Amino acid sequence: MDASSPAEIVRQFLRDMERLDYDSALKLVTDTCEYTNPPPLGVVRGPAGIRGVLEPFFAPTLENEFRILREASSGPMVFMERLDRHRLADKWVELPVTGVFEVHDGRIAVWRDYFDITTIMSQWPAA
């Protein structure tokens, strides 16, 4: 990894995820990265755990956009208020999210997303 700032590493991770480039994005997380979502989704660990949650969730998307509305960082901590937008076959779905990341040695070690699960699930296609 290069010596990019923690905020730039997170921005690159989100750009990769917009394109659903899991291979590139997951190179930016540690093997033990803890990814937390609101209940009932909960916590998964490592690249395989993250991919196991995101790949099936994003399967119906035709396009993704993660708009960063506000950003703050202090040392390894990065806070990003985002508007996550997902184009489905018949509509765009938007979800306000606040992400909290910890970056150590050039990779994301902790990723917590805070959002209203009902907002996204009420708009998402049934599995």
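Computed from the coordinates by the stated procedures, all read-outs in this text should not be read as laboratory data. As the structure is a prediction and not an experimental result, all values here were calculated from the model. Positions of Cβ are generated from backbone atoms using ideal geometry, with glycine treated the same way; all protein chains shown enter the neighbour counts.
The range 74-103 and the range 1-64 have Cα centres spaced 11 Å apart.
Between residue 123 and residue 100, the distance separating the two model label sites (each 7 Å from Cα on the Cα→Cβ line) works out to 2.4 nm.
Over the residues of the chain, the helix contribution to mean residue ellipticity at 222 nm works out to -8000 deg cm²/dmol, using -39500 (n - 2.57) for each DSSP H run of at least 4.
You can think of it this way: the chain between residue 15 and residue 70 has 18.2 nm of extra reach, that is 0.36 nm per residue less the Cα-Cα gap. For the chain, the equivalent ellipsoid built from the Cα gyration tensor has semi-axes of 23, 15, 14 Å, listed from largest to smallest.
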